[in-house]
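Colleague: Handing you this structure, nothing more for now.
The values are calculated or read from the model by the stated rules, or taken from the named source; none is laboratory data. Nothing here was measured: the structure is a model prediction, and the numbers come from that model. FYI the Cβ positions are ideal-geometry reconstructions off the backbone, even for glycines, and counts take in every protein chain you see. Just so you know, the surface numbers come from the protein's heavy atoms only, side chains and all, with ligands and any DNA or RNA stripped out. Shrake-Rupley method; radii C 1.70, N 1.55, O 1.52, S 1.80 Å.
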Amino acid sequence: MLLRMAWRNLLARPLQHSLTALAVALGVALAMAVLLLAGAFRDGITRAAEPFDMIVGAKGSPNQLVLNTIFLQDAPIGNISWDLYRRLEADPRVAAAVPLGLGDNYRGYRLVGASAGIFDLRSRPGAQPYLLIGQGKIFREDFEAVIGAAVARKLNLKVGDTFTTTHGLAGEGLEEEEHADRPYRVVGILSPAYGPYDQGIFTTLESLWEAHDIKEYGDGGESRREKGVTAVLVKPRSWVGLMQLYREINAGKEAQGAFPGQVLAGLFDLLGQTRRVLEVISGVVMAMAAATVAVSLYWAGVARRRETAILRALGASRRSVLILTMLEALLVTGAGAAAGILLGHGVSLGIGLWLREQYALSSLPGFYPGEFFILALVLILGLLASLMPAVAAYRSEVAPHLEE
Amino acid sequence: MIQVKNLEKWYQGPGGTRVLALSAPLLDLGAGEEMALSGPSGSGKTTLLHILAGLLLPGSGQVRVCGHDLRRMTEAARDRFRSAFIGYVFQRFNLLPGLSALENVMAAMAFGNAVPPLGRTQRAAELLALVGLEHRLRHRPGQLSSGEQQRVAVARSLANRPSLVLADEPTASLDTVNSRLVLKLLRELCHQHGSALLVASHDPLVLDLFPRQHQLRQPDDGVRRDDLAAAHGLA
């Protein structure tokens, strides 16, 4: 009966209590969105980096190397020699070495020159390949292209279509130069990998070189292979061998080796600081919501002193009216928290979808195991916020308010 | 049922003066009996009813209600006493506006043990039928006329099968027809339930219905108490 009374009391002032619940909902939604998106972002990045044990590229920033080879972002540092790639490929400690060349784009989507070994990269032995052909086949000849799922969807490209690339990376602000005389033909479309390579266009390294040789050097000019490769994705036979290789490469002057996991851990630290700021903001919003609950219930209690007095006259104890006020707080904060969790999921799903669409970077946020903890925390906050109005109701005298 | 002897209730007045709000030298009411309580405004009728209901502590004197010495009871004990033994009808009905007629009657049962939880809905519906409101069970107070609201209040006062029903000016907010109806119902239902009834009123039409009356006199301490009583929520 007390629960029913509490509910009816809330319904008696729908606007006031709806606004209170809304304040709680916004606080919870913000907190939820921060947690869900941070988790999804981390999962998405980690997942995208899983198939790559070590990346070897030109000396420079390892962050840049990882960003441009795995996430197809940022500009490549420079090239490493073809010889180095051959040495890595022949190294007994290396199970597979996949050379990568970056440089051109088609309507903003990066062209990735690679060996066919790129289609055999797996996050772990026995897992299915990271890049799976959904339609068509992998490239065999020069100027054949396999396009990522997002590229096919956004540019409406189908197997058999042709396109010409533009020199340089999209968004660099450089004058773009079109390789109009060397069109590519789509021979395959990847199944969605839900990662950055969904936005890549894959072809043979030779295609990339040939386009540039012709443009820059002409037939019979500088040896194609002197152009080198942007990076080599290294799959080791053993962890010990990988570590030896890593030390050797970084000790030399020719190239650097980078572990994506290690680089991403550093990036996560940076992201963690942003997340902490957002968490503090969420905390402030939650505290404000709790204050709103307290003030709202207090004034509702003041306006309802006569009703409280009637309940006391009917035999309700002071404890009963205290519990009644606390139940009201629980209902308001519970409703607000539930709405906030739904809203948080909705917002983070929307942002997650946008991130996937724009950068193919994020896993979609799912259920967060700490949601029950958040719900419990909000209810406790609501109970704490109800203490002041509950004690006011508890202390309210009966006789003076019965005939108000 | 009610034994009052030399009861006085004092309030702290302006400037620290003490003001006598009620003086009841002797009042006695047996089980199942009925009585009207009369007296001019400010004579302490409401104060006396509040004391008898355990809502206010007596000042000095003796007050026993349903065998309980109210002066010796804690507030929590008086809350339990009130829900177990007392039914109360107010001048302004005092129904809970957010609850339906049925729920208002059930609300009284929620704080006592007289009616088991599973039987409360049926009991409330039966009581409302007895006051002729079986067709208004789901209506809220705002959807009822004044007379209907007071009939709900009468049904509520009997919800816990109280030994004593206290009615404070129960007809003051009603027209003559509804006044007669409410009083008739109140007396009949108290008689059926074996509850004693004490009705405070200064309306001669009400007082004439009660063969037994007790008149409170204006306490004489030289202070005007109408304003003071109003300041304490008492008439």
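Colleague: Skip the ligands, DNA and RNA, and give the accessible area per residue of the stretch A:54-258 with a 1.4 Å probe, whole Å². The partial results should precede the final answer.
Modeller: Numbers: 9160 Å² over 205 residues.
Using a 1.4 Å probe on heavy atoms only, each residue of the stretch A:54-258 averages 45 Å².
Colleague: Now, a different point. Counting only other residues whose beta carbon sits under 14 Å from that of B:E33, what net charge do I get with K and R as +1, D and E as -1? Don't skip to the end; give the middle numbers.
Modeller: Numbers: positive: B:R187, B:R212; negative: B:D28, B:E34.
Spelling it out: positives minus negatives among the neighbours equals 0.
Colleague: Two decimals is fine: what's Rg over Rh for the stretch A:54-258, C-alpha atoms, Kirkwood radius as Rh?
Modeller: That ratio equals 0.95.
Colleague: Pairs of alpha-carbon atoms within less than 8 angstrom and 6+ residues apart define the contacts here; what relative contact order does chain B have, in percent? Could you put the intermediate results ahead of the total?
Modeller: On the way: 465 pairs, mean separation 70.8, N = 235.
It rounds to 30 percent for chain B.
Colleague: Cut-off 10 angstrom, C-alpha nodes, Gaussian network model of chain A. Which of A:V280, A:V34, A:V234 fluctuates the most?
Modeller: A:V280
Colleague: Quick one: net charge around A:P260, please, counting Lys, Arg +1 and Asp, Glu -1 for every other residue with C-beta under 12 Å from its C-beta. Before the final figure, lay out each step's value.
Modeller: Values: positive: A:R47; negative: A:E50, A:D53.
It works out to a net charge of -1.
Colleague: Another question about this same structure. About the Cα centre, and with charges only on the beta carbon of Lys, Arg (+1) and Asp, Glu (-1), how big is the dipole of the protein assembly as shown? Nearest 20 debye, please.
Modeller: Working: 64 positive and 59 negative charges, 615 e Å.
So the magnitude is around 2960 debye.
Colleague: Moving on. So how far, in whole Å, is the C-alpha centre of the stretch A:326-358 from the one of the stretch A:239-258?
Modeller: 47 Å
Colleague: Where does the charge balance sit around A:I70 when Lys and Arg score +1, Asp and Glu -1, over other residues with C-beta under 13 Å from its C-beta?
Modeller: Values: positive: A:R47, A:R110; negative: A:E50, A:D53, A:D74, A:D198.
With Lys, Arg at +1 and Asp, Glu at -1, the net is -2.
Colleague: Report B:T171's accessible area, 1.4 Å probe, all protein chains in place, as a number in Å² to the nearest 10.
Modeller: 10 Å²
Colleague: Taking each residue of A:52-64 in turn, how many C-beta atoms of other protein chains fall within 10 Å of its C-beta, and what is the average? Walk me through the numbers on the way to the answer.
Modeller: Values: counts 0, 0, 0, 0, 0, 0, 0, 0, 0, 0, 0, 0, 0.
Mean partner shielding for this stretch: 0.
Colleague: With every protein chain left in place and a probe of 1.4 Å, what is the accessible surface of B:L207, to the nearest 10 Å²?
Modeller: 20 Å²
Colleague: Rounded, prolate or oblate: which fits the stretch B:74-185, taking a ≥ b ≥ c as square roots of the Cα gyration tensor eigenvalues, rounded meaning a/c under 1.5, else prolate when a/b beats b/c? Kindly include the intermediate steps, with their values, before the conclusion.
Modeller: Working: a/c = 1.83, a/b = 1.30, b/c = 1.41.
Verdict is oblate for the stretch B:74-185.
Colleague: A follow-up question, please. To the nearest hundred square angstrom, how large is the accessible surface buried between B and A, total for both chains, probe 1.4 angstrom? Display every interim value, and only then the final one.
Modeller: Numbers: alone 11150 and 19550 Å², together 28280 Å².
Chains B and A together bury approximately 2400 Å².
Colleague: Same structure, new question: Mind counting lysine pairs for me in the protein assembly as shown? Cα separation below 24 Å, and the two need to be 8 or more apart along the chain or on different chains.
Modeller: Going through the protein assembly as shown pair by pair, I get 13.
Colleague: Counting each DSSP H run of 4 or more residues in chain B as -39500 (n - 2.57), what helix-only mean residue ellipticity at 222 nm follows after dividing by all residues, to the nearest 500 deg cm²/dmol? List each step's numbers first, then the result.
Modeller: Values: 8 runs with 80 residues, N = 235.
Only helices count here, giving -10000 deg cm²/dmol.
Colleague: Something else: Relative to the isolated chain, which residues of the stretch B:63-88 have their accessible area cut by 10 Å² or more in the presence of all protein chains (1.4 Å probe, heavy atoms, no ligands or nucleic acids)?
Modeller: Those residues are B:E75, B:D79, B:R82, B:S83, B:Y88.
Colleague: Counting only heavy atoms of the protein chains, get the accessible area per residue of the stretch B:1-112 (1.4 Å probe) and round it to a whole Å² value. Could you put the intermediate results ahead of the total?
Modeller: Values: 3880 Å² over 112 residues.
Per-residue accessible area for the stretch B:1-112 comes out at 35 Å².
Colleague: For the stretch A:250-383, calculate the relative contact order in percent as a whole number, restricting contacts to Cα pairs under 8 Å that are 6 or more residues apart. Mind dumping the intermediate values first?
Modeller: On the way: 49 pairs, mean separation 32.1, N = 134.
RCO, the stretch A:250-383: 24 percent.
Colleague: Right, here's the next one. Show A:D74, B:D208, B:D79, A:D83 ordered by accessible area, largest first, where the area counts protein heavy atoms only and the probe is 1.4 Å. If you can, show how the numbers build up before the last one.
Modeller: Details: A:D74 80, B:D208 125, B:D79 5, A:D83 100 Å².
I get B:D208, A:D83, A:D74, B:D79, largest accessible area first.
Colleague: Please arrange B:H193, A:H401 by accessible surface area, largest first, computed with a 1.4 Å probe and ligands excluded.
Modeller: Numbers: B:H193 55, A:H401 25 Å².
So, going from the largest accessible area down, we get B:H193, A:H401.
Colleague: Compute the relative contact order of the stretch A:54-258 as a whole-number percentage, counting only Cα pairs closer than 8 Å that sit 6 or more residues apart in sequence.
Modeller: Value for the stretch A:54-258: 34 percent.
Colleague: Looking at chain B, send over the antiparallel percent of its DSSP beta bridges, to the nearest 5.
Modeller: On the way: 17 of 33 bridges.
Once the DSSP bridges in chain B are tallied, antiparallel ones form about 50 percent.
Colleague: With all protein chains present and a 1.4 Å probe, how do A:W239, A:W82, B:W10 order by accessible area, largest first? Show your work: numbers first, answer last.
Modeller: On the way: A:W239 170, A:W82 35, B:W10 85 Å².
The ordering from most to least exposed comes out as A:W239, B:W10, A:W82.
Colleague: Which one, A:L314, A:L327, A:L131, has the greatest fluctuation when you compute a Gaussian network model over chain A with C-alpha springs under 10 angstrom?
Modeller: Between A:L314, A:L327, A:L131, it is A:L314 that shows the largest mean-square fluctuation.
Colleague: Loop sites only, by DSSP: take the trypsin sites (Lys or Arg not before Pro) in chain B that have at most 15 other C-beta atoms within 10 Å and name the longest stretch containing none of them. Can you show the working numbers first?
Modeller: Details: sites that count: B:R138, B:R212, B:R217, B:R224.
The answer is B:1-137.
Colleague: Restricting to DSSP H runs of at least four residues, report the calculated mean residue ellipticity at 222 nm for chain A, -39500 (n - 2.57) per run over all residues, nearest 500 deg cm²/dmol. Mind dumping the intermediate values first?
Modeller: Working: 12 runs with 216 residues, N = 404.
Mean residue ellipticity, 222 nm, calculated: -18000 deg cm²/dmol.
Colleague: Looking at the stretch A:54-258 only, what percent of DSSP beta bridges run antiparallel? Nearest 5 please. If you can, show how the numbers build up before the last one.
Modeller: Values: 30 of 39 bridges.
Counting only bridges with both partners in the stretch A:54-258, antiparallel ones make up about 75 percent.
Colleague: What helices does chain A have that are whole DSSP H segments, at least 30 Å long along their own axis by Cα, and with mean Kyte-Doolittle hydropathy of 1.0 or more? Provide the component values of the computation, followed by the final result.
Modeller: Values: long enough: A:14-49 (50 Å, 1.28); A:260-303 (62 Å, 1.14); A:318-359 (59 Å, 0.95); A:371-395 (36 Å, 1.94).
Qualifying helices: A:14-49, A:260-303, A:371-395.
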